[in-house]
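The next block holds one structure in the form of structure tokens; read it before the comments.
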């Protein structure tokens with residue numbers, strides 16, 4: 001089982017600023033998923049990236065998958081308080097089980 | 001589509017009692033359901049994989065006699081925390097997938113368990 005490392009662990013920014021969170025592994029990802037989890041709720045899938053070098057956009061969120069498929073980033077432009085949450089990257093292993101990173105807690109203050 | 005519900009959303013119980021948590025797939029058949037536990041400010045940790053009609057597979061370190069899982073139908077899996085203790089207090093989340101080797105899991109809203 002490969003370990004997914006997320007950084008930073010915690011990020012606090014003002015509304016309107018940009019932020020980037022990272023997910024890395026020493027092994028190649030078959031595919032990678034990004035989730036956002038709000039307090040007291042289950043995680044919600046934001047995107048799945050599969051192809052090395054892939055870039056996906058979801059409104060103000062931009063997801064990149066490294067060419068070697070060992071790293072990924074999530075960039076939020078002009079963050080809003082509604083972006084506050086725990087951002088998790090995850091990979092499905094060969095048994096169909098999701099392995100989650102430790103998460104990045106993002107707080108966007110007005 | 002692909003909605004997963006959990007019941008109850010929160011529960012408080014006394015130490016030594018048992019608590020059952022239900023996970024339902026509302027609009028699709030889930031051959032596989034997963035149970036996770038999440039402690040405050042931590043990520044999700046997989047507890048067990050539940051396949052309809054067969055015994056659950058538990059992750060290392062998870063006591064199968066304490067966390068009883070039943071997946072009796074394609075839309076319902078239950079997790080029973082037996083003889084609960086305060087250290088079992090946590091956020092329990094289930095997810096459901098159409099079949100084992102899929103990247104897509106649909107998560108429930110979670111159940112907050114507090115053991116006094």
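The values are calculated or read from the model by the stated rules, or taken from the named source; none is laboratory data. Bear in mind that the values here come from a model prediction, so they are computed numbers and not experimental data. Cβ placement follows ideal geometry from the backbone for every residue including glycine, while neighbour counts extend to all protein chains displayed.
Taking the conditions exactly as written (assigned to a loop (DSSP other than H, G, I, E, B), away from chain B (no Cβ under 14 Å) and at pLDDT 95 or above), does residue A:68 satisfy them or not?
Judged against the criteria, residue A:68 is not a match.
Please determine whether any residue of region B:97-106 is under 27 Å from residue A:87 (Cβ atoms), assigned to a strand (DSSP E or B) and more than 10 Å from every other protein chain (Cβ to nearest Cβ).
Checked region B:97-106: no residue is under 27 Å from residue A:87 (Cβ atoms), assigned to a strand (DSSP E or B) and more than 10 Å from every other protein chain (Cβ to nearest Cβ).
Residue check: is residue B:97 surrounded by 18 or more Cβ atoms within 10 Å (Cβ to Cβ) and at positive phi? Outline the logic, then answer.
Working: surrounded by 18 or more Cβ atoms within 10 Å (Cβ to Cβ): yes; at positive phi: no.
So residue B:97 fails the test.
Out of the residues in region A:75-110 meeting the condition of being touching a helix residue (DSSP H, G or I) at 6+ places or on another chain (Cβ under 8 Å) and surrounded by fewer than 13 Cβ atoms within 10 Å (Cβ to Cβ), tell me which one is farthest from the other protein chains (Cβ to nearest Cβ).
From region A:75-110, those touching a helix residue (DSSP H, G or I) at 6+ places or on another chain (Cβ under 8 Å) are A:76, A:106, A:108-110; that's our starting set.
Next cut, surrounded by fewer than 13 Cβ atoms within 10 Å (Cβ to Cβ) only: A:109-110.
Values: A:109: 18, A:110: 23 Å.
Checking each candidate, the answer is A:110.
Give, as residue ranges, the strands (runs of 3 or more DSSP E) completely inside region B:1-84 that count at least 2 residues that are loosely packed, with under 14 Cβ neighbours inside 10 Å and without any contact (Cβ under 8 Å) to a residue 24 or more places away in the chain. Quick ask: steps written out before the conclusion?
On the way: elements: B:4-7, B:10-13, B:19-25, B:32-38, B:45-51, B:67-73, B:76-81.
Correct list: B:67-73.
Looking at (1) away from every other protein chain (no Cβ under 14 Å); (2) in a strand (DSSP E or B); (3) touching a residue at least 12 places away in the same chain (Cβ under 8 Å), find the lone condition where residue A:52 falls short.
(2)
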